[in-house]
Amino acid sequence: MHVPKLRLAHAVIAEAMAWSSAPGRKSARGARAICNWDEDALTMAVEAGRAAQGANLVPQSIVFCSTTAPFLDRDDAVMLAAALDLAESTETLNVGASTRAGTQGLINALRRADHARTLLVASDARLTRAGSPQEMSYGDAAAALLLGPADPAALATVVGTRSLGSDFVDHYRMSGSKFDYALEERWVRDESLLELVPRAVAELLAAAGVSRDAVRHLALPAGASTVKRIAEACGLQQAQRDARVLAECGDAGAALPLLLLSAALEAAAPGEMILALAVGQGVDALLLRAEPGVRAAGRPLTEALARKRDELSYVRYLSHRSLLDVDFGMRAERDQRTAHSVAYRKRRALSAFNGGRCQRCATVQFPLARVCVNPECRATDTQVPHRLADSRGRVKSFTEDWQAYAARPPYLYGNVEFAAGGNLLMEFTDMEPGELKINDTVRFVYRIKDEDRARGFRRYFWKATTA
């Protein structure tokens, strides 16, 4: 899973909006995870997908679930597969239109007759209007699950599922709109959640032949008081619930149910039952049994929540999300038109970060070329693709450029030497001024390179960040 490193404390929002009548500023506890300027639902999905893939478990299918995918008419799942360096024969599917997108994709993947190994990724980075209740409750994150046949290392087995669809409008976002419009929380809870959730849970447990007392963990995407009332209505008061995700990350939309499921898996012992739910124009309910693999799975959610850096500037956050139009001067006016023909021909280098490795002398270089750069070799047509995205590097030199345009100044770039050999002049990200040092070890992350605002197109590439 992936939770962005930046965290905007609710207290910072409350202080910035103290002059207004913005809701929630009197109880400003906790924080929300926020994307850096070069992160979005796709880049977070790539990071979550990388973490979920096993060393020898190559997905045959990939499902990308999001209500905020960057493109409306471009296959975001294909872009995700390309960044993960999966074969072009990998099946792809996009699921959206609801905060149940993650669980809808999961349930449909489980029903595949061929039991193909499927990588399911849910990711959302929803915009919020300044001063709105959503600004204090939403957060950005992604979660991924690798589904497939029975495996001794499996974390859980899905015992049963139940879905109820209901055109109950708790919130919505029209096509072309930036922000969700949410209805009154109490009305939503009393008229929908307290009716639909207990019904879905009762039908699921009855079909599975599992008693309410057997459910040890409850993953329900709602606030603490709402979860308590729903648990009582379902007869699940004894089930353990984890409040960290909402308190330390926020409501991550389609990713939230899977994040809560991850929290339950961290706490579960083998054999314990987990009830995971998702809500949004209906309810998805999944009953899972924790398997012995949970003992060796570590604590990925806890680690993701612990990797954080406070964003102290509310104005900078607004700028990063294009909620405040900042004049960055003439240097920001350069044309960012993409040469799509070149981008397609070099797609494995740009999307998957594949360089070349000479089969004669083993020299690694980026990009792959016909001629080996080793002066003692210079062999022709001996290179094979070599993935650099999952390797490490060393900082040989760097520059903090305060004159060039950068959405988060300074513009930080330098020469990175790959662990396998080879060098590349590249950008650094998620770094503060004065933090980077020569010989620092770095890893590589998939990020937004730049945006062609004149033509409405976004480009992506890999950047270096501290390991």
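Out of (1) out of contact with any Ser or Thr (no Cβ under 8 Å at 6 or more places or on another chain); (2) over 15 Å from L388 (Cα atoms), the odd one out for F461 is which?
Answer for F461: the failing condition is (2).
Could you please let me know if R459 is closer than 25 Å to R347 by Cα, under 26 Å from the mean Cα position of the chain (by Cα) and either modelled with pLDDT under 95 or not assigned by TED's automatic domain parsing to the domain that holds A33 (or both)?
Yes: the conditions hold for R459.
Tally the residues that are assigned to a helix (DSSP H, G or I) and farther than 25 Å from S322 by Cβ, restricting the search to region 103-134.
So the first thing to find is which residues in region 103-134 are assigned to a helix (DSSP H, G or I), and the list is 103-110, 133-134.
Subset that is farther than 25 Å from S322 by Cβ: 103-110.
Here the count works out to 8.
Give me the pairs, please: first residue somewhere in region 110-127 and assigned by TED's automatic domain parsing to the domain that holds A83, second residue anywhere and modelled with pLDDT under 90 and buried (at least 16 other Cβ atoms within 10 Å of the Cβ), beta-carbon distance under 6 Å, and either six or more positions apart or on two chains.
R117/G148
Of a type in the set (D, E) and closer than 24 Å to S123 by Cβ, is that true of E266?
Against the criterion (of a type in the set (D, E) and closer than 24 Å to S123 by Cβ), E266 qualifies.
Per-residue answers, yes or no, for (1) of a type outside the set (A, V, I, L, M); (2) under 30 Å from A454 (Cα atoms); (3) in contact with a Ser or Thr (Cβ under 8 Å, 6 or more places away or on another chain):
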| site | (1), (2), (3) |
| --- | --- |
| A343 | no, yes, no |
| R357 | yes, no, yes |
| A369 | no, no, no |
| R394 | yes, no, yes |
| A420 | no, no, yes |
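Conditions (1) part of a loop (DSSP other than H, G, I, E, B); (2) under 25 Å from L72 (Cα atoms), marked per residue:
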{"site": "M136", "(1), (2)": "no, no"}
{"site": "A144", "(1), (2)": "no, yes"}
{"site": "A150", "(1), (2)": "yes, no"}
{"site": "A154", "(1), (2)": "yes, no"}
{"site": "G160", "(1), (2)": "no, no"}
{"site": "L164", "(1), (2)": "no, no"}
{"site": "D167", "(1), (2)": "yes, yes"}
{"site": "S175", "(1), (2)": "yes, yes"}
{"site": "K178", "(1), (2)": "yes, yes"}
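Considering only region 1-27, how many residues are in a loop (DSSP other than H, G, I, E, B), at pLDDT below 95 and either surrounded by 13 or more Cβ atoms within 10 Å (Cβ to Cβ) or assigned by TED's automatic domain parsing to the domain that holds V445 (or both)?
First pass over region 1-27, keeping only residues in a loop (DSSP other than H, G, I, E, B): 1, 3-5, 17-24.
So of that shortlist, the ones also at pLDDT below 95 come out as 1, 17-24.
Narrowing further to those that are either surrounded by 13 or more Cβ atoms within 10 Å (Cβ to Cβ) or assigned by TED's automatic domain parsing to the domain that holds V445 (or both): 1, 17, 22-24.
Residues meeting the conditions: 5.
The values are calculated or read from the model by the stated rules, or taken from the named source; none is laboratory data. The structure presented is a predicted model; accordingly, all values stated were derived computationally and were not measured. For neighbour counting, all protein chains shown are included, and Cβ atoms are generated from backbone atoms with ideal geometry for every residue, glycine included.
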